[in-house]
1. Accessible area, 1.4 Å probe, largest first: how do Trp189, Trp50, Trp307 sort?
2. Which sequence of Asp245, Asp35, Asp261 reflects their accessible areas, 1.4 Å probe, from the largest down?
3. For the chain, take the longest principal axis of its alpha carbons; what is the angle in degrees between that and the long axis of helix 406-416, to the nearest 10 within 0 to 90?
4. Measure out, as a whole number of angstrom, how far apart the alpha-carbon centroids of the range 376-414 and the range 1-77 sit.
5. Between Thr65 and Glu238, 0.36 nm times their residue separation minus their Cα-Cα distance comes to what?
6. Could you give the C-alpha radius of gyration of the range 331-442 expressed as a fraction of 2.2 N^0.38 Å, taking N as the number of residues it contains?
7. From Cα pairs below 8 angstrom and at least 6 apart in sequence, can you work out the relative contact order of the chain, rounded to a whole percent?
8. Roughly how many whole Å is it from the C-alpha centroid of the range 275-293 to that of the range 324-375?
Amino acid sequence: MAKEHFGGIPKILYEGPQSRRALAFRHYDPAQVIDGRTLSEHLRFSVAFWHSFRGTGTDVFGSGTIFRPWESGNDPLAVAQARLDAAFEFNVKMQAPFWCFHDRDIAPEGNTLRETNRLLDILVAQAKALQRDTGVRLLWGTANLFSHPRYMSGAATNPDAGVFAHAAAQVKKALEVTLELGGDNYVFWGGREGYETLLNTDLKREQAHLAAFLHMAVEYAAEIGFTGQFLIEPKPKEPTKHQYDFDVAAGIAFLRTHGLDKYFKFNIETNHATLAGHTFQHEIETAAAHGLLGSVDANTGDAQLGWDTDQFNTDVRELTVAMMSILRAGGLGRGGLNFDAKLRRPSIDPEDLFHAHIGGFDAYALAFKIARQVVADGVFEKFVAQRYASYDSGVGRDIAARRTSFRELEQVALTAGEPVPRSGKQEYLENLLMQYVHGERR
């Protein structure tokens, strides 16, 4: 990183809640030790290369608005190399310990697969040197199997076996690259693994092909010695009319149907959860309930828009309840919080990239601290335990252990009469949560 790309912007430091400086952390102190681990180790923040360094503000109604100095030049390889330098400078200044990327994010595509792989190798060597020099690590790698026209009808679910083969070759290379860079995880996002119409689709066959593809990935990972965690990232609606990876529940059903649940966990994105009609916390709880919570893409959507806006999330209440669920599940393990979020179209200054990530880092750090106190106090857990206490003894315990029957339960109902209603106390609990969020309970 010989040239400084973000000149005039210093390393972002923790200054505490009283700070009024825009380029400073108010809640994220990466060196703060909590429960024997630093806050950086708990949260494992990652910068998403594709939005932060490939995003230009393009939308369906207009061309890009965000242009950086390092993007100029006629040599795609030289531009890619400068871009990678800029990305690592950003990570260092943000004190972000991880980064994430797709293969096509960091390296241009050549005229042949062989040329494409050669270009990727050049950038991977550069990334490996930058990781060594900066200490920034790879949270996960993945392959872009959705942007190129060849993938217009999917990759692993494409009706053309030749496209399937090309996708397999691309993932093979991406796995090798992730291993080379020491990635902790590898993510599969089925960007076009779905259909537009059933008039030309064999749904059962496509899902069987997708399962075969994932099994091949598992087998190849074992062959090359990649021991990172495989992750599925559910996403509904976009870009196909129906995605096979609609939500966590659909993903669990798919994985278990095809014997893949022992190899995969879930990378959950907030905006994808809401597009599926769920809350962020719901998707976390669903994955955690089955022992399949792996990692998180940290962003949010706009409630008034129906697409994946990928905004930086600063809603501390929403993040607190999500963090409560993550903490109860034992944390994210080798996963992390990847800021799969992009600047708004008019936010064109390099400094805006820092403001966005500072807001996201601070919001998640504050939510983590609040959630930790909530979980430690145990008030919500105690309420839930009391609400279900009837299943801890007597007939309730028999129901839970499946030691009773409809015939026996009918006798219980006839003898006991009408059950006494009990309030769920939702409003009380919501008020209690806000006391924690506003710092009124210490």
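The values are calculated or read from the model by the stated rules, or taken from the named source; none is laboratory data. Nothing here was measured: the structure is a model prediction, and the numbers come from that model. Ideal geometry is used to build each Cβ from the backbone, glycine not excepted, and the neighbour counts take in all protein chains shown. All accessible areas refer to the heavy atoms of the entire protein, side chains included, with ligands and DNA or RNA removed. Shrake-Rupley method; radii C 1.70, N 1.55, O 1.52, S 1.80 Å.
1. Output order, biggest surface exposure first: Trp307, Trp189, Trp50.
2. The most accessible residue leads, giving Asp35, Asp261, Asp245.
3. For 406-416 against the chain, the angle is about 60 degrees.
4. When both Cα centres are located, 49 Å separates them.
5. Using 0.36 nm per residue and subtracting the Cα-Cα distance, I get 60.0 nm.
6. For the range 331-442, the normalised Cα radius of gyration comes out at 1.76.
7. Taking the mean separation of contacting Cα pairs over the length of the chain, I get 15 percent.
8. Using only Cα atoms, the two centres lie 18 Å from each other.
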